[in-house]
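Here the structure is laid out as structure tokens; the discussion comes afterwards.
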Number of protein chains: 2
Amino acid sequence: MLDYFRNKNVLITGGLGFLGSNIAHRLVAMNANVIIIDNLSPQYGGNLFNIEGIKDKCEIIIEDIRNTDILKPHIPRLDIIFHFAAQVSYVDSLSMPFEDLSLNASATLQLLELCRKMNTRAKIVFSSFRMVLGKIDTETMLENNPTNPLSLYGIHKLTSEKYLLMYYKDFGIPCVILRMTNPYGPRQQLKHSKYALIGWFIRQAMEGKTIRIFGDGKQIRDYILSDDIVEGFLRCAVSEKTVGEIVNLGSGQKTEFCQMVENVINVVGNGKIEYIPWPKNYERIETGNVVANLTKLQSIITWKPTITLTDGINRTYEYYKLNMVHYI
Amino acid sequence: MLDYFRNKNVLITGGLGFLGSNIAHRLVAMNANVIIIDNLSPQYGGNLFNIEGIKDKCEIIIEDIRNTDILKPHIPRLDIIFHFAAQVSYVDSLSMPFEDLSLNASATLQLLELCRKMNTRAKIVFSSFRMVLGKIDTETMLENNPTNPLSLYGIHKLTSEKYLLMYYKDFGIPCVILRMTNPYGPRQQLKHSKYALIGWFIRQAMEGKTIRIFGDGKQIRDYILSDDIVEGFLRCAVSEKTVGEIVNLGSGQKTEFCQMVENVINVVGNGKIEYIPWPKNYERIETGNVVANLTKLQSIITWKPTITLTDGINRTYEYYKLNMVHYI
């Protein structure tokens, strides 16, 4: 992998955000030429502190990806595009339907149209999520589950998936779609609780606050640390077998929501728990139990995530102990 | 049904087009209050002649449905919305990606947002097509087939389907999605061959021209006459059992493409056939053999289409013999 990325021209959309910046750190370490585009929109997770230490080793464009005039001159030289830029809150998507459509679907189409015209060789690695599936019948998430999204966020991520697959089929633009479960880890925003719950709870615990659990907290989730996500994205970017494929990327580990919260409290050594009923707006989009099946991932890249939840929460806590001031 | 529609306020988007205008004729005959909105965009099928005979019995708004300021004042009083307005050429969708996104997905979201804010009672009857499925493995089209659209047209129709199902689930806005196969019949534009092939071939035959068949013409299609489509739409609009459902609407009859062409030549009594290889751009989006399974339709509305292809071509030919001048 070291060899693969050396001197490769890599664009990261949303590269100042949580996952984008974590990938940027690894790519810079492997001597890739990293180009970041990020609009630093205040409600999302873009944060200049996320690239502390590699600032001078990346090309940084503070601009909206929908500004194609800015993006255009960079397209021809690209080898790989990690496409993370998004409206990232599925809870919020209904309160900004057209912004979600524009950022989570239309912007992907714009990017593909640029590639179709200027560079059909660059591989696009797309960040998708389990929300494209909606409620799954069995708790095991498979790549060929029916897609019945419960939110505009899920609908538009699905639309982007379809664009990518079609542009691959029609124009040979290589892509891989990674469907993540619940990511957490260093460099995620901790300003509010709308997404990124583990980070938010670590903050709550560090501040000695009470963490509220909706319902009985027994719903099963699959939490995956950013370090594992980055590894999965990089390996899938390199592998030719991923081209044109949708691949699950989760930890493959079942965790009850309340176990995760207890874990946070234990690691931080502060905070407490309170159980409250589900708020109306959340239950509506609650997706039920889910754990990712990783058979396809493993069969393609002979690797799967290994970091335990306790380890991951520890790493995340250690990061925020030092850097909390930059994330709140 | 007569009783049901009397004095109901019915909006038909794209109501000057092929299917919209055929529905308008039936609704006016049943004393519904019909409101038509249509932008008469020259490349599509909108045509004022389509409502010849009922012009004075409808409210006609010549405007783009995306102009929500025009649409808004009408929303509160509506009982039913037939949503036909669309970019209708799946072949062309790739040459106008953002227009297709805007008309075939975003406009549906705008309509739903208006309904959410002003009228969650009006039932939306949505015109969708088999293109949301892409190539199906078996030739039988079922409502729960996987959706792998091969065109932007198919992707955006699918996105609209997802919007409708979500807004029904979340806000109770009733909807029914009708997935049609290959519609034909009176009042379809005959200006070009990009869609509406039976009509186009009738015109070719009437003009004594040579009809070109791509490949061997053995691909199976399911052609449904507009009279049957209208009947299906009206019955599905009335039935409460259709709410929140996707329902196939085809003839259920298998026809080889070349049989259809021979049928046209026989009915018109003019024209001839030539076989040529598939043009590159068409093969790319060729969906393979397809015939609609109508089990769900029949089980819900205890009705299915009955008109034979020969009958349908005859009725269509009779119409254009009288009115060709208005459609070319």
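So which of A:Phe126, A:Phe82 ends up being buried (at least 18 other Cβ atoms within 10 Å of the Cβ), out of contact with any His (no Cβ under 7 Å at 6 or more places or on another chain) and aromatic (Phe, Trp, Tyr)?
A:Phe82
Limited to the range B:150-172, what total is found for residues that are more than 8 Å from every other protein chain (Cβ to nearest Cβ) and surrounded by fewer than 24 Cβ atoms within 10 Å (Cβ to Cβ)?
4
What's the number of the only condition in (1) among the small types (Gly, Ala, Ser); (2) under 22 Å from A:Leu309 (Cα atoms); (3) in the same structural domain as A:Val88 (by TED's automatic domain parsing) that A:Gly208 fails to meet?
The one condition A:Gly208 does not meet is (3).
Name, by its number, the condition in (1) surrounded by 23 or more Cβ atoms within 10 Å (Cβ to Cβ); (2) over 19 Å from the mean Cα position of the chain (by Cα); (3) hydrophobic (A, V, I, L, M, F, W, C) that does not hold for B:Ile60.
(1)
Considering every residue within the range B:20-32, establish whether at least one is at pLDDT below 95 and either in the same structural domain as B:Tyr282 (by TED's automatic domain parsing) or β-branched (Val, Ile, Thr) (or both). Give the steps one after another, and end with the answer.
Of the residues in the range B:20-32, the ones at pLDDT below 95 are none.
No, the conditions are met nowhere in the range B:20-32.
Just one of B:Leu294, B:Leu309 is closer than 22 Å to B:Phe214 by Cα and surrounded by 13 or more Cβ atoms within 10 Å (Cβ to Cβ); which is it? Spell out how you get there, then give the answer.
Details: B:Leu294 fails: closer than 22 Å to B:Phe214 by Cα.
Step by step, each of B:Leu294, B:Leu309 is checked, and only B:Leu309 is closer than 22 Å to B:Phe214 by Cα and surrounded by 13 or more Cβ atoms within 10 Å (Cβ to Cβ).
Tell me which helices (runs of 4 or more DSSP H) are completely within the range A:146-249 and hold 3 or more residues being within 19 Å of A:Ile12 (Cβ to Cβ), or say none if there are none.
Working: elements: A:152-171, A:197-206, A:226-238.
Here the list reads A:152-171, A:226-238.
Taking B:Ser128 and the conditions (1) hydroxyl-bearing (Ser, Thr, Tyr); (2) within 11 Å of chain A (Cβ to nearest Cβ); (3) in a strand (DSSP E or B), which numbered condition does it fall short on, given that it satisfies the others?
If we test B:Ser128 against (1) hydroxyl-bearing (Ser, Thr, Tyr); (2) within 11 Å of chain A (Cβ to nearest Cβ); (3) in a strand (DSSP E or B), just (2) comes out false.
Go through the range B:257-291 and report how many residues are within 14 Å of chain A (Cβ to nearest Cβ), among the acidic types (Asp, Glu) and either in contact with a Phe, Trp or Tyr (Cβ under 6 Å, 6 or more places away or on another chain) or surrounded by 12 or more Cβ atoms within 10 Å (Cβ to Cβ) (or both).
Residues in the range B:257-291 being within 14 Å of chain A (Cβ to nearest Cβ), among the acidic types (Asp, Glu) and either in contact with a Phe, Trp or Tyr (Cβ under 6 Å, 6 or more places away or on another chain) or surrounded by 12 or more Cβ atoms within 10 Å (Cβ to Cβ) (or both): 1 in total.
Can you pull out the residues in the range B:66-111 that are in a helix (DSSP H, G or I), within 14 Å of chain A (Cβ to nearest Cβ) and either of a type outside the set (A, V, I, L, M, F, W, C) or over 28 Å from A:Glu113 (Cα atoms) (or both)?
Just the residues of the range B:66-111 that are in a helix (DSSP H, G or I), to begin with: B:68-77, B:93-95, B:97-111.
Filter again for within 14 Å of chain A (Cβ to nearest Cβ), leaving B:68, B:93-95, B:97-111.
Once the filter is applied, which keeps residues that are in a helix (DSSP H, G or I), within 14 Å of chain A (Cβ to nearest Cβ) and either of a type outside the set (A, V, I, L, M, F, W, C) or over 28 Å from A:Glu113 (Cα atoms) (or both), the range B:66-111 yields B:Thr68, B:Ser93, B:Ser95, B:Pro97, B:Glu99, B:Asp100, B:Ser102, B:Asn104, B:Ser106, B:Thr108, B:Gln110.
Do you know which residues across the range B:6-43 are surrounded by fewer than 24 Cβ atoms within 10 Å (Cβ to Cβ), of a type in the set (A, V, I, L, M) and in a helix (DSSP H, G or I)?
Within the range B:6-43, B:Val28, B:Ala29 meet the criteria.
Is one or more of the residues making up the range A:284-301 within 28 Å of A:Met206 (Cβ to Cβ), more than 20 Å from the chain's Cα centre (by Cα) and in a helix (DSSP H, G or I)?
The answer is no; no qualifying residue exists.
I need the full set of residues from the range B:112-123 which are of a type in the set (A, V, I, L, M), more than 12 Å from every other protein chain (Cβ to nearest Cβ) and crowded, with 21+ Cβ neighbours inside 10 Å, in order please.
First, pick out the residues of the range B:112-123 that are of a type in the set (A, V, I, L, M): B:112, B:114, B:118, B:122.
From what's left, more than 12 Å from every other protein chain (Cβ to nearest Cβ): B:118, B:122.
Residue satisfying the conditions is B:Ala122 alone.
With the structure loaded, tell me whether B:Ser93 is touching a Gly at 6+ places or on another chain (Cβ under 9 Å), of a type outside the set (Val, Ile, Thr) and touching a residue at least 12 places away in the same chain (Cβ under 8 Å) or whether it fails that test.
Values: touching a Gly at 6+ places or on another chain (Cβ under 9 Å): yes; of a type outside the set (Val, Ile, Thr): yes; touching a residue at least 12 places away in the same chain (Cβ under 8 Å): yes.
For B:Ser93, the condition - touching a Gly at 6+ places or on another chain (Cβ under 9 Å), of a type outside the set (Val, Ile, Thr) and touching a residue at least 12 places away in the same chain (Cβ under 8 Å) - is met.
Is it true that some residue in the range B:178-197 is of a type in the set (D, E, K, R), over 21 Å from B:Gly252 (Cβ atoms) and within 14 Å of chain A (Cβ to nearest Cβ)?
The answer is no, given that none of the residues of the range B:178-197 is of a type in the set (D, E, K, R), over 21 Å from B:Gly252 (Cβ atoms) and within 14 Å of chain A (Cβ to nearest Cβ).
Can you pull out every residue in the range A:14-57 that is more than 17 Å from the chain's Cα centre (by Cα) and of a type in the set (Asp, Glu)?
Listed by number, the residues that qualify are A:Glu52, A:Asp56.
Exactly one condition in (1) closer than 30 Å to B:Lys117 by Cβ; (2) small (Gly, Ala, Ser); (3) surrounded by fewer than 18 Cβ atoms within 10 Å (Cβ to Cβ) is false for B:Gly46; which is it?
(3)
Only one of these conditions is not met by B:Ala107: (1) under 26 Å from A:Thr108 (Cα atoms); (2) touching a Leu at 6+ places or on another chain (Cβ under 7 Å); (3) modelled with pLDDT of 95 or more. Which number is it?
(2)
Could you check B:Leu249 against (1) of a type outside the set (D, E, K, R); (2) modelled with pLDDT of 95 or more; (3) exposed (fewer than 15 other Cβ atoms within 10 Å of the Cβ) and say which number it fails?
(3)
Filter the range A:135-149 down to the residues that are within 11 Å of chain B (Cβ to nearest Cβ) and without any contact (Cβ under 8 Å) to a residue 40 or more places away in the chain, then identify the one that is surrounded by the fewest Cβ atoms within 10 Å (Cβ to Cβ).
A:Asn144
For B:Asp311, work out the one condition from (1) within 21 Å of the chain's Cα centre (by Cα); (2) outside any helix (DSSP H, G or I); (3) of a type in the set (D, E, K, R) it doesn't fulfil.
Condition not satisfied by B:Asp311: (2).
Yes or no, residue by residue, for (1) at pLDDT 95 or above; (2) in contact with a helix residue (DSSP H, G or I) (Cβ under 6 Å, 6 or more places away or on another chain):
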{"site": "B:Asp64", "(1), (2)": "yes, no"}
{"site": "B:Ile81", "(1), (2)": "yes, no"}
{"site": "B:Ser95", "(1), (2)": "no, no"}
{"site": "B:Asp100", "(1), (2)": "yes, yes"}
{"site": "B:Leu111", "(1), (2)": "yes, no"}
{"site": "B:Leu114", "(1), (2)": "yes, yes"}
{"site": "B:Tyr153", "(1), (2)": "yes, yes"}
{"site": "B:Pro174", "(1), (2)": "yes, no"}
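The values are calculated or read from the model by the stated rules, or taken from the named source; none is laboratory data. Only a predicted model underlies this, so the values are computations on that prediction, with no experimental measurement involved. Note that we place each Cβ from the backbone using ideal geometry, even for glycine, and neighbour counts take in every protein chain shown.
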